[in-house]
Ligand SMILES: [Zn+2]
């Protein structure tokens with residue numbers, strides 16, 4: 001019997017394989033900056049805990065969508081824009097967070113590429129997952 005967990009695990013394994021295969025001649029992502037110290041750990045923690053592109057997209061959501069998605073967080077669009085600006089500025093000034101951001105963006109591009117190149121396979125898997 002295939003459980004939901006097994007389906008999800010299978011999907012993650014497939015995605016990992018597709019990303020690895022689609023890398024082709026791309027060099028492995030270098031994990032640089034891990035031995036450096038963040039100059040502002042309060043801001044750096046955000047970049048440690050959240051994927052940078054996702055964090056920026058989330059902070060840039062229109063007010064109505066943000067409030068719907070995160071009803072417990074009372075931040076105006078201006079507050080979020082200012083916070084995104086702080087994170088952006090910090091990630092250019094702090095060597096550790098700059099490396100972290102670069103790595104996150106590179107990873108997001110590889111995931112997008114793997115999805116784009118394997119739409120049919122991923123779509124088939126998702127359709128089949130619904131039937132279980
Ligand atoms: Zn930092």
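Numerical summary
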quantity	calculated
Flag if residue 81 is more than 16 Å from the ligand (Cβ to nearest atom), at pLDDT 90 or above and part of a helix (DSSP H, G or I)	yes
Lone qualifier among 61, 55, 126 - being under 29 Å from residue 21 (Cα atoms) and away from the ligand (no atom under 16 Å from the Cβ)	126
Selection within the stretch 51-78 - surrounded by 14 or more Cβ atoms within 10 Å (Cβ to Cβ) and part of a loop (DSSP other than H, G, I, E, B)	51, 61, 75
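The values are calculated or read from the model by the stated rules, or taken from the named source; none is laboratory data. Everything quoted here is computed from the prediction, not taken from an experiment. Don't worry about glycine lacking a Cβ; one is built from the backbone with ideal geometry, like all the others, and counts go over all protein chains shown.
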